[in-house]
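Peer 1: Here it is, the structure, as C-alpha cells.
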C-alpha cells in the first residue's frame, strides 16, 4: 500500500481534508470504541495534523502533534488512529514513526509525552516510549502516560 504523508497546520487544512480526518476519528473513537465524548476539544486549532492517504485519496491514518503546554508540559502526539481498512498493514507503526520524525525535524530531540490507551502500551513501548505513573480513566477507557525523553 502506497501512503502519501501530509503535515499541515489546522488553518491550512482544506475543508475536505478536515472532513475526512474527522470522519476517521468518529469512525474509530466514537463508533468502534463506543466512546461518546467531545472529540472536538479545542486542541486541533493549535496542533499540527499528520495524515496518510492511500491511492484512493482516503485518509487511512492520522495523528495530531500538540505543542508543549497544551496537553502536557512536553510536546505530545494525540488522536492516533488508523482506518479499520488499513489494519494489519503496519500503518499505525508507520504513522507513529512519521509523527516522531516530524517532531524531530521541527523541534529537535525533545521529550514527547502521550496519554496511551493501556491496551496499546506494548505498541508504544516498541517505539521507545516508557510508561510513567498510574493508569487512569479518560472517557471511560484505561490510559497511561508514556514518555520518550531525548534530553
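Peer 1: In percent, what relative contact order does the range 1-89 have, based on Cα pairs under 8 Å that are 6 or more apart in sequence?
Peer 2: Averaging sequence separation for qualifying contacts and normalising by length gives 31 percent for the range 1-89.
Peer 1: Nearest 500 deg cm²/dmol is fine: what mean residue ellipticity at 222 nm does the chain get from its DSSP H runs of n ≥ 4 alone, each adding -39,500 (n - 2.57), divided by its residue count?
Peer 2: Calculated at 222 nm, the ellipticity per residue is -6500 deg cm²/dmol.
Peer 1: So how far, in whole Å, is the C-alpha centre of the range 3-29 from the one of the range 30-100?
Peer 2: 9
Peer 1: Still on this model: For the chain, report the convex hull volume of the alpha-carbon atoms normalised per residue, in Å³, without decimals.
Peer 2: 111
Peer 1: Here is a follow-up. Normalising by the residue count of the chain, find the relative contact order in percent from Cα pairs under 8 Å and 6+ residues apart.
Peer 2: Value for the chain: 19 percent.
Peer 1: Of 81, 130, 31, which is the most mobile in a GNM of the chain whose springs link Cα atoms less than 10 angstrom apart?
Peer 2: Fluctuation is largest for 31.
We did not get these values from a lab; they are worked out from the coordinates using the rules stated. Just so we're clear, the structure is a prediction, and the values are computed from it rather than from any experiment.
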